[in-house]
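Before any comments, here is the structure.
What follows draws every value from the coordinates through simple rules; no lab data is involved. This structure is a prediction, so every number in the text was calculated from the model and none was measured. Don't worry about glycine lacking a Cβ; one is built from the backbone with ideal geometry, like all the others, and counts go over all protein chains shown.
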Amino acid sequence: MASRGIFSLDTRNGGEKETAKDMIARDPRTEWAYVPASDRGLTDKSLVTTFRLRHMTLLQEAATLDALDRDSNGISIRRNLGSDRVNLLRSNLVGWSNLRKEDGSEVMFEKGPMGGAKDELIYLLPPRLRDELARAIEDAQIYDPDEASKSSPQST
């Protein structure tokens, strides 16, 4: 079963069909904690960075769908991926705790004009982390308790 992105398709046995989890109501104001993959195995919890994310709005979801093209083989290709991801973080990255600079000083969160992180703060995040957070925002369009449990720190 494919559960990446804003779609959940059951592609087993060569078919595609919506699954029951696609029918769960969601509120774009809902926020949740997200721990990046690089921090999930840390035993020292004082080193774990936690981000606060929120669901996409209907218009953001539509813009994501509008950016999809299919090549001649029917494979989806995403246009404007970089600017789409920055815009998602501008609106849907709404906080963090324990984000540190190389010198150990804490980076304080500040909201920008779109309600999420300011551009200057988004720029501080490594590109791979920006991509991971944007994918987490997109993936949260589908409630999957198994996937959600992977985003919390493991207890020791």
Check your understanding: Tell me, what is the FRET efficiency for LEU42 and GLU110 to the nearest 0.05, using R0 = 30 angstrom and their Cβ-Cβ distance as r?
Key -> 0.70
Check your understanding: Could you give the length gained on full extension between LEU58 and LYS101, defined as 0.36 nm per residue of separation minus the Cα-Cα distance, in nm?
Key -> 12.0 nm
